[in-house]
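Student: Attaching a single structure in structure tokens format; questions to follow.
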Amino acid sequence: MPSLFDPIELGAIRAANRVLMAPLTRTRADADHVPTEMMIEYYRQRAGAGLIISEATGISRRGLGWPHAPGIWNDAQVEAWKPITEAVHEAGGKIIAQLWHQGRLARPDVNKLQPLSASATRAPYPIPDKNPYGEARAATIAEIKEAVEQYAQAARNALAAGFDGVQLHGANGYLIDQFLRDNTNLREDEYGGSPENRIRFMKEAVSAVIAVAGAERTSIRLSPNGETQGADDSNPEAVFVPAAKALDELGISFLELREQSPEGTFGASSVPKLSPQIRKAFTRPLVLNQDYTIEKAQADLDSGIADAIAFGRPFIGNPDLVERLRKGVPLTQDNPKTWYSKGPEGYIDYPAHEAQAA
């Protein structure tokens, strides 16, 4: 069986190892969602990952309502991404752009627009009287088609910016997930009701991106089990297994699953994981994510349930995570207080192990 440190073919991308860097929102773009210079060093430092999946990157102004998160819908953003992808490539790495439409989670106080979703709903917030999420408006058919084209245009922009491919963000309660799940999709047209209908928007968005980037450079992330940011489903197996089968038929390069567990540290659920069923429906590379240790990661490779593992937070404090895992070096604990701050502290100042030891 392969180890975490063996190469893998992810469609057209040959990853040097099976330790992927999961997308991590770090809010270091500027107020206009243009990537900043310090992001060049951040991604360069982490180029040892088999593949970097970029932080979630907005495909449109309406679809991005998170302060200081990057976008990829205009020329200034595309130009600012170019030195980042170039730095990763110069360091020997590969990087794809995660394409993000937040749907009802796009905050109106950030983009000054009413959010769109599958249906007219409002996302919950831990402090109800301070809920920053607006009441979403159900997207019209024309607006659904427009969103599909925005995914395609974002893929064009990502390739122009030098990314090796793209990943659609279909997880964590964002727009694609809002169409997939029956507590956020209350539609009665061809995009709602049956699992087949609720999968339709995902299929159209993925197909549009494939037409631009090719199936071999297109992937998607899903979160099939349990509630996330208010999005949930009464029978997740009935929608996510057919979704995986549809993605397999489309020929995408890989599917990433963010799966929750009862003991999860950043989102927990007692809903059973669906990776065993999805593994049967999806014959292409399957990447798993959430709270992995090196031991758990290798065990899932050995069992055949996964072909690669995406690590998120460990990459924050350990830019050389792959080498630390390879050599059994203790990991540096990151500082959550600087996850979403604006400066270099807690972003590009975590040293590699060799620098620490010197």
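Student: Restrict the check to the stretch 80-96 and report whether at least one residue is among the small types (Gly, Ala, Ser) and either within 30 Å of ASN185 (Cα to Cα) or without any contact (Cβ under 8 Å) to a residue 24 or more places away in the chain (or both).
Tutor: The answer is no, given that none of the residues of the stretch 80-96 is among the small types (Gly, Ala, Ser) and either within 30 Å of ASN185 (Cα to Cα) or without any contact (Cβ under 8 Å) to a residue 24 or more places away in the chain (or both).
Student: Moving to a separate point now. Working only within the stretch 175-201, note down all residues that are surrounded by fewer than 24 Cβ atoms within 10 Å (Cβ to Cβ), not basic (Lys, Arg) and not in a loop (DSSP other than H, G, I, E, B).
Tutor: PRO195, GLU196, ASN197 - these are the residues of the stretch 175-201 that are surrounded by fewer than 24 Cβ atoms within 10 Å (Cβ to Cβ), not basic (Lys, Arg) and not in a loop (DSSP other than H, G, I, E, B).
Student: Restricting attention to the stretch 205-221, report how many residues are surrounded by fewer than 24 Cβ atoms within 10 Å (Cβ to Cβ) and among the polar types (S, T, N, Q).
Tutor: Residues in the stretch 205-221 being surrounded by fewer than 24 Cβ atoms within 10 Å (Cβ to Cβ) and among the polar types (S, T, N, Q): 1 in total.
Student: Does any residue in the stretch 153-182 that is modelled with pLDDT of 95 or more come within less than 6 Å, Cβ to Cβ, of a residue that is among the aromatic types (Phe, Trp, Tyr) six or more places away or on a different chain, and which pairs are these?
Tutor: ALA161/TRP81; HIS169/TRP100; PHE179/PHE201
Student: Of the conditions (1) closer than 23 Å to TYR340 by Cβ; (2) buried (at least 24 other Cβ atoms within 10 Å of the Cβ), LEU51 fails just one. Which one is it?
Tutor: Status for LEU51: all satisfied but (1).
Student: Continuing with the same structure: Sort through PRO67, PRO35 and tell me the only one that's buried (at least 24 other Cβ atoms within 10 Å of the Cβ) and part of a loop (DSSP other than H, G, I, E, B).
Tutor: The match here is PRO35.
The values are calculated or read from the model by the stated rules, or taken from the named source; none is laboratory data. A quick note: this is a predicted structure, and the numbers were derived from the prediction, not measured. Backbone-built Cβ (ideal geometry, glycine too); neighbour counts: all protein chains shown.
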